[in-house]
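A short write-up of the structure that comes next.
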Amino acid sequence: MKINQTTSTGHLKISEEVIGAIVKQTVMEIEGVAGLALVPVSKKDYLLKAKKPKQIMIETNADSVKITLGILMDKGYVIKRTAENVQRQVKEAVQNMAGVAVYQVNIYIAGILQD
């Protein structure tokens, strides 16, 4: 799926893959994040193959997006503070780089890596 925008000079289409790449790059630079993890889907969606587990899920809504991502954290970091930092930085990065409004960033903490 692509996100369509109209600019003063014409139309702009941004694919979900581009937004996903921005999200991945941003998340991997955040202190306390060890890596990405799969976001679980419901049994019904899995069995019906309506949705597959992914690391980054992007849902478009007219002119904005909702991002859900799974992360693995490093040991010794405060989960709430790190998750809020991920939400804020992902929202800012997507809005600044792609010019797409982000109305929600959901974080799934899949685990904490031990040394």
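The values are calculated or read from the model by the stated rules, or taken from the named source; none is laboratory data. Remember, it's a predicted structure, so these values are computed and weren't measured experimentally. Neighbour counts run over all protein chains shown; Cβ positions are idealised from the backbone, glycine included.
Quick notes
- The lone exception for Lys13 - which of (1) part of a strand (DSSP E or B); (2) surrounded by 15 or more Cβ atoms within 10 Å (Cβ to Cβ); (3) at pLDDT 80 or above it fails: (2)
- Residue list for the range 73-87, filter: surrounded by 12 or more Cβ atoms within 10 Å (Cβ to Cβ), part of a helix (DSSP H, G or I), of a type outside the set (Val, Ile, Thr) and over 11 Å from the mean Cα position of the chain (by Cα): Ala83, Glu84, Asn85
- Residues of the range 54-72 satisfying the condition of being within 17 Å of the chain's Cα centre (by Cα) and free of Cβ contacts under 8 Å to residues at least 12 places away in the same chain: Glu59
- Any hit, the range 57-69, residues being in contact with a Phe, Trp or Tyr (Cβ under 9 Å, 6 or more places away or on another chain), modelled with pLDDT under 90 and in a strand (DSSP E or B): yes
- Identity of the residue in the range 88-115, outside any helix (DSSP H, G or I) and free of Cβ contacts under 8 Å to residues at least 40 places away in the same chain, that ends up surrounded by the fewest Cβ atoms within 10 Å (Cβ to Cβ): Gln114
- Qualifying residue in the range 41-53 (condition: touching a residue at least 24 places away in the same chain (Cβ under 8 Å), at negative phi and not in a helix (DSSP H, G or I)): no
- Just so you know, in the range 41-72 the residues that are touching a Lys or Arg at 6+ places or on another chain (Cβ under 9 Å) and over 26 Å from Met97 (Cβ atoms) include one that is surrounded by the most Cβ atoms within 10 Å (Cβ to Cβ), and it is Val41.
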